[in-house]
Each structure stands twice: as structure tokens, then as C-alpha cells.
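Any read-out appearing in this document is the output of simple, stated calculations on the displayed coordinates, not a laboratory observation. On a predicted model such as this, the values are computed, not experimentally measured, just so you know. All Cβ positions, even for glycine, are placed from backbone atoms using ideal geometry, and neighbour counts span all protein chains on display.
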Amino acid sequence: MTPIRLDIAPLETARLTLRAPQPADYPAFRDYYASGRSVHTGGPLDEREAWRGFSSLIGHWVMRGFGMRTITARGTDAALGFCGLWYPGTWPEPEIGWTLYDGAEGKGIAFEAALAVRTHAFDALGRKTLVSYIHPENARSIALAERLGAVGDDSAARPPHAPHALVFRHPGPGVAA
């Protein structure tokens, strides 16, 4: 049987390509979620849970028409992490989410990827507002949200599984980070 590939136009930045998730990206996803680094993003996960999580990245595109993209350095195909819009059925509104794999942090990759995703969401998808739901102890993601110009929105609804998540509201279309 031939796997079905998602036909999603990549987003490109000066250094990065954000493309559709592919089966070959699974080992990096699994390894990240098996590690303690994933504690603020729903992990650690065992092999079964990681497979379901990765499958949901692909399925989200089918169900919503948007989703998480694999981050790669331009000209390579190795997964550095993922970034995109995430809106599972129980969440109050779409979010910009990001996760970087071991060795990719501290290089501005998440900022560059999130900015590209946000611009695409506002310009091409017509979104008017976006949030990021962040675990209160995830200092790096909080700092990134603030660098992107997002501000805390204490009145925003939270996903049911994360009632204590911090909500950062991103600046609207046309506002630079």
C-alpha cells in the first residue's frame, strides 16, 4: 500500500522550510516525546501515545485544512521540530504552537517559524486573532510568545485539558513582531 501524502504548499523563510509532516518525521517526533524535554507539551509519551500524537498532526490537516508543519533548514529534509496552527475539537480557538527538537533551540528557529505561520494565518487564511496556550512553567515558550508581541489574555478561555494554561494573544494582521 502506498502512503497518502499531504499536498500542502511549504512556507519558506530566509533559513527555513515549513512543510507538511511526513512519515519519515516520526522518529524525531517520537524521540522528543519520549524525553523529559516534552514535559510542557504533553509528554513524556510512550511509543503508542507518540504514534497517536504524530498521526493526529497529519489527521488535523485532513479535518481542519490547516495544521502543524515540520520545520527544516532550507535545502535539507531533517526535522528540527514543528510549528503551525492547532485547533482540536475541544479547544476554544486556534493557536499558534511550536516545538523544537534537541539541538534546534536557541537559534531563533521557533521565532522565525512562528512568525511565518502567523503571517500566513492572517494573510492567506484570513484569521483575525490567534493565541498560544502555554504551560505556566514553560519559560522559553513564554519568552518566545512575548518576543512575537503576544500579550497575556487572562480572560480567554482555555482548553479543557489545560485549565491553568497561560493564554497569549498575538497581535492582529499587519503588526510586526
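Scanning the stretch 96-137 for residues that are acidic (Asp, Glu) and within 23 Å of SER35 (Cα to Cα), we see that the one that is farthest from the chain's Cα centre (by Cα) is GLU137.
Look through the stretch 30-45, keep the residues that are within 16 Å of the chain's Cα centre (by Cα) and within 20 Å of HIS164 (Cα to Cα), and return whichever of them is surrounded by the fewest Cβ atoms within 10 Å (Cβ to Cβ). The extreme case among them is VAL39. Between TRP61, TRP91, TRP86, TRP98, the distinction of being touching a Leu at 6+ places or on another chain (Cβ under 6 Å) and not small (Gly, Ala, Ser) belongs to TRP61 only. For the stretch 22-29, indicate whether the set of residues that are touching a helix residue (DSSP H, G or I) at 6+ places or on another chain (Cβ under 9 Å), exposed (fewer than 15 other Cβ atoms within 10 Å of the Cβ) and acidic (Asp, Glu) is non-empty. Scanning the stretch 22-29, I find no residue that is touching a helix residue (DSSP H, G or I) at 6+ places or on another chain (Cβ under 9 Å), exposed (fewer than 15 other Cβ atoms within 10 Å of the Cβ) and acidic (Asp, Glu), so the answer is no.
Quick one: would you say GLY89 is without any contact (Cβ under 8 Å) to a residue 12 or more places away in the chain, under 27 Å from MET63 (Cβ atoms) and out of contact with any helix residue (DSSP H, G or I) (no Cβ under 6 Å at 6 or more places or on another chain)? Yes, satisfied. Hey, among the residues in the stretch 79-124 that are surrounded by fewer than 19 Cβ atoms within 10 Å (Cβ to Cβ) and among the charged types (D, E, K, R), which one's farthest from GLY174 (Cα to Cα)? Within the stretch 79-124, the match that is farthest from GLY174 (Cα to Cα) is ASP102.
Determine which member of the set ARG140, ARG64, ARG48, ARG147 is free of Cβ contacts under 8 Å to residues at least 12 places away in the same chain and more than 13 Å from the chain's Cα centre (by Cα). Steps first, answer last, please.
On the way: ARG140 fails: free of Cβ contacts under 8 Å to residues at least 12 places away in the same chain; ARG64 fails: free of Cβ contacts under 8 Å to residues at least 12 places away in the same chain; ARG147 fails: free of Cβ contacts under 8 Å to residues at least 12 places away in the same chain.
Answer to the check: ARG48.
The number of residues in the stretch 101-144 being closer than 23 Å to PRO159 by Cα, outside any loop (DSSP other than H, G, I, E, B) and in contact with a Phe, Trp or Tyr (Cβ under 9 Å, 6 or more places away or on another chain) comes to 11.
Selection of the stretch 130-139 for residues being out of contact with any Lys or Arg (no Cβ under 7 Å at 6 or more places or on another chain) and surrounded by 14 or more Cβ atoms within 10 Å (Cβ to Cβ) yields SER132, ILE134, HIS135, ASN138.
Going through (1) of a type outside the set (Lys, Arg); (2) in contact with a helix residue (DSSP H, G or I) (Cβ under 8 Å, 6 or more places away or on another chain); (3) over 12 Å from GLY81 (Cα atoms); (4) surrounded by 12 or more Cβ atoms within 10 Å (Cβ to Cβ) one by one, ALA14 falls short only on (4).
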